[in-house]
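Engineer: So that we are looking at the same thing, I have put the structure below in structure tokens.
The values are calculated or read from the model by the stated rules, or taken from the named source; none is laboratory data. Quick caveat: nothing in here was measured; it's all calculated off a predicted structure. Methodologically, a virtual Cβ is constructed for each residue, glycine included, from the backbone with ideal geometry; neighbour enumeration extends over all protein chains shown. Quick note on the areas: whole protein, heavy atoms, side chains included, nothing else; ligands and nucleic acids left out. Shrake-Rupley method; radii C 1.70, N 1.55, O 1.52, S 1.80 Å.
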Amino acid sequence: MRILFLTHAFNSLTQRLYVELTALGHEIAVEFDINDSVSVEAVDLFRPHLILAPTLRRAIPEAIWREHVCLIVHPGIVGDRGPSALDWAILNGESEWGVTVLQAETEMDAGPVWASATFPMRAAKKSSLYRNEVAEATVRAVRSALERLPDYQAGIWMPEPQARGLARPLMQQTDRAIDWLRDDSARVLAKLNCGDGFPGVRDSLFEQPCHLYNASPYAAMGAPGALLGRVGEGVVRATTDGAVWIGHARTEAVGIKLPVAAVFPEVAALVELAEPVRDIFYEESAAVGYLRFDFYNGAMSTVACQRLLAAYESARQRPTKVIVLMGGEDFFSNGLDLNHIEAADSPPEESWRNINAMDDLCRAILTTESHLTVSALRGNAGAGGAFLALAADQVWARRGVVLNPHYKNMGNLYGSEYWSYSLPRRAGAEQAAAIMRNRLPLGAAAAARMGFLDATFGDDLPGFTAETRVRAEALATGADFNERLQAKRLRRAEDEAAKPLETWRAEELKQMQRNFYGFDPSYHVARHHFVRKTPHSWTPRHLAIHRELGWVVP
Ligand code: COA
């Protein structure tokens, strides 16, 4: 089928549907919901068999839904309506939530139900639930809905009208407001989680108004509302029954979400609390070292890369046999920290420092001779973060992971992380060029077929993590361990003799230097829009295939 995605953004959920439905053999075109006439034009050009709206903030124009089957993905259970579905579910402490696929009609979210799926709720940020549970449930519900389409068209199945619904309003900052003198930690975390990543909770720190993000429980006690100290780049604030750690904040003046310590110099004067690190964790079992790095939004600043390199160097010193790089739960990595770069005194200088710190980390992994190394992608990876994964000997990913192994979407960035060495080696020169050129998301299964990944398994996070352990231990205890290590050393030596790693790096960085310091400001412009979340004014051509020159309806 030709399926048109009418969507607010090509975000993680839309990308996941894109890869799933493409894998089923459907042809997908994307049009951003910019205004009604543009949407109508897209429908006229693409002549879709079905219109799917994975993330829509406005109603579909009547001219479209009267003529075409339009299915809307609503991140709520059957009967739930309104624009803040997941926010309310978190704030109200629902134990189970779901996704409903309904047909567009006059009233938003009130059309008949084609399919639905539920999931148990988890104490987590809204964005994390959205990328994991909501995405999985959406795939299940959309698949069921598509299976029903032939019966609907044959007139032997009709979607279920919604008897009654509960329309909940857009959640306001007054609903999210934290009462530091009355709210316990669970309530404070629910309020912060339901606004993370967007819009955050309006509050104040050091008597300055700001929005708060990225909170987790912290074991400490103090006068409710008091700042008890700093941990990493965040602060610990007391609640009525404990404390929470708050990692990120945004002020109107800076306008970008940044670590609290980067926003407020006052943090430096706070006492440093006992538990120093919140984002890098190392553990060992059965001759395997597991290195988890859970940076907010997968963004890796210069300092984050340097800290991770130090942790990796320590892991290399251990008498283990395998090192598994686990990334974070939501993202393995998304490469350079664009927010940090945007806020720097000199974005070109900070970009340069950041890419060099990232390359240093990749080089350490690529040149590891003492261990076999594995990247185990629990979450999605994008741009440099996807190529960081390729620095390891083996790359495994959870089945639902979506990769964006390309840089061009960020203002034609050339990219580094030794991608020009590692990608063709895995995927072949032709496929490597296509991946970079197409700038499309890649599902785990397709990535494995191309050689980008070595294996994909695990339907959920616990399943993937458990199997990663089994596979990593098997590598470490395998009778062929020494043989594998020897083969890896030999290959590296041969590759180095053919073309030193430093040369690959220098070639990539020469291009990056142009991107950062050159005459063409595309990267700086693209980064500015990405970080400031400028609304789209048109759909990129590689997604709006119906707008390609020469497009004809097959
Ligand atoms: N630096 C800083 N923030 C980043 C980031 C990065 N490299 N990558 C993602 N984020 C942030 C987003 O701004 C967003 O912030 P929010 O919490 O305020 O909403 C959040 O992470 C989630 O990103 P989003 O784009 O909504 O996620 P997605 O799953 O829909 O898309 C990507 C994933 C990777 C395709 C997209 O985030 C992206 O293109 N990132 C930039 C990658 C890049 O170019 N890195 C630099 C070159 S190495």
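Engineer: Looking for something closer than 30 Å to residue 380 by Cβ and modelled with pLDDT of 95 or more - is there at least one such residue anywhere in the range 148-164?
Structural biologist: Looking only at the range 148-164, we keep the residues that are closer than 30 Å to residue 380 by Cβ, and these are 148-149.
Adding the requirement that they be modelled with pLDDT of 95 or more leaves 148-149.
For the range 148-164, residues closer than 30 Å to residue 380 by Cβ and modelled with pLDDT of 95 or more: present.
Engineer: Another question about this same structure. Mind counting the residues in the range 1-29 that are outside any helix (DSSP H, G or I), open to solvent by less than 40 Å² (accessible area, probe 1.4 Å) and within 13 Å of the ligand (Cβ to nearest atom)? Before the answer, list the steps.
Structural biologist: Start the filter on the range 1-29 by keeping residues that are outside any helix (DSSP H, G or I), which leaves 1-11, 24-29.
Next, from what is left, pick out any that are open to solvent by less than 40 Å² (accessible area, probe 1.4 Å): 2-7, 9-10, 26, 28-29.
Still in the list and also within 13 Å of the ligand (Cβ to nearest atom): 7, 9-10.
Number of matching residues: 3.
Residue-by-condition table, conditions (1) near the ligand (Cβ under 9 Å from one of its atoms); (2) surrounded by fewer than 24 Cβ atoms within 10 Å (Cβ to Cβ); (3) within 15 Å of the chain's Cα centre (by Cα); (4) of a type in the set (Phe, Trp, Tyr):
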| site | (1), (2), (3), (4) |
| --- | --- |
| 385 | yes, no, yes, no |
| 393 | no, yes, no, no |
| 414 | no, yes, no, yes |
| 422 | no, yes, no, no |
| 426 | no, yes, no, no |
| 431 | no, yes, no, no |
| 439 | no, yes, no, no |
| 447 | no, no, no, no |
| 459 | no, yes, no, no |
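Engineer: Further question on the same structure: Test residue 361 against the criterion of being part of a helix (DSSP H, G or I) and either surrounded by fewer than 19 Cβ atoms within 10 Å (Cβ to Cβ) or away from the ligand (no atom under 12 Å from the Cβ) (or both), and give yes or no.
Structural biologist: yes
Engineer: Hey, can you tell me all the residues within the range 44-85 that are assigned to a helix (DSSP H, G or I) and open to solvent by 10 Å² or more (accessible area, probe 1.4 Å)?
Structural biologist: Residues satisfying the conditions are 44, 45, 62, 63, 65.
Table: residues versus (1) of a type in the set (Phe, Trp, Tyr); (2) touching a residue at least 12 places away in the same chain (Cβ under 8 Å); (3) under 28 Å from residue 537 (Cα atoms).
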{"residue": "44", "(1), (2), (3)": "no, no, yes"}
{"residue": "47", "(1), (2), (3)": "no, yes, yes"}
{"residue": "68", "(1), (2), (3)": "no, yes, yes"}
{"residue": "79", "(1), (2), (3)": "no, yes, no"}
{"residue": "84", "(1), (2), (3)": "no, yes, yes"}
{"residue": "88", "(1), (2), (3)": "yes, yes, no"}
{"residue": "118", "(1), (2), (3)": "no, yes, no"}
{"residue": "126", "(1), (2), (3)": "no, yes, yes"}
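Engineer: So which of 95, 39 ends up being touching a residue at least 24 places away in the same chain (Cβ under 8 Å), under 20 Å from residue 134 (Cα atoms) and either assigned by TED's automatic domain parsing to the domain that holds residue 9 or open to solvent by 10 Å² or more (accessible area, probe 1.4 Å) (or both)?
Structural biologist: 95 is the lone residue from the list that is touching a residue at least 24 places away in the same chain (Cβ under 8 Å), under 20 Å from residue 134 (Cα atoms) and either assigned by TED's automatic domain parsing to the domain that holds residue 9 or open to solvent by 10 Å² or more (accessible area, probe 1.4 Å) (or both).
Engineer: Moving on to the next point. Looking only at the range 320-335, filter to residues that are open to solvent by 20 Å² or more (accessible area, probe 1.4 Å) and within 15 Å of the chain's Cα centre (by Cα); which one of those is farthest from the ligand (Cβ to nearest atom)? Before you say what the answer is, go through the steps one by one.
Structural biologist: Step one: list which residues in the range 320-335 are open to solvent by 20 Å² or more (accessible area, probe 1.4 Å), which gives 321, 329-331, 334.
Cutting the leftovers down to within 15 Å of the chain's Cα centre (by Cα) gives us 329-331, 334.
Details: 329: 13, 330: 9, 331: 7, 334: 3 Å.
Taking the candidates together, the pick is 329.
Engineer: Restricting attention to helices (runs of 4 or more DSSP H) lying wholly within the range 119-190, give those where 3 or more residues are open to solvent by less than 50 Å² (accessible area, probe 1.4 Å).
Structural biologist: Counting at least 3 such residues, we get 126-129, 135-153.
Engineer: Next question, about the same structure. Just to be sure I understand, how many residues within the range 199-231 are open to solvent by 10 Å² or more (accessible area, probe 1.4 Å), without any contact (Cβ under 8 Å) to a residue 60 or more places away in the chain and either away from the ligand (no atom under 16 Å from the Cβ) or not in a strand (DSSP E or B) (or both)?
Structural biologist: Number satisfying all stated conditions: 19.
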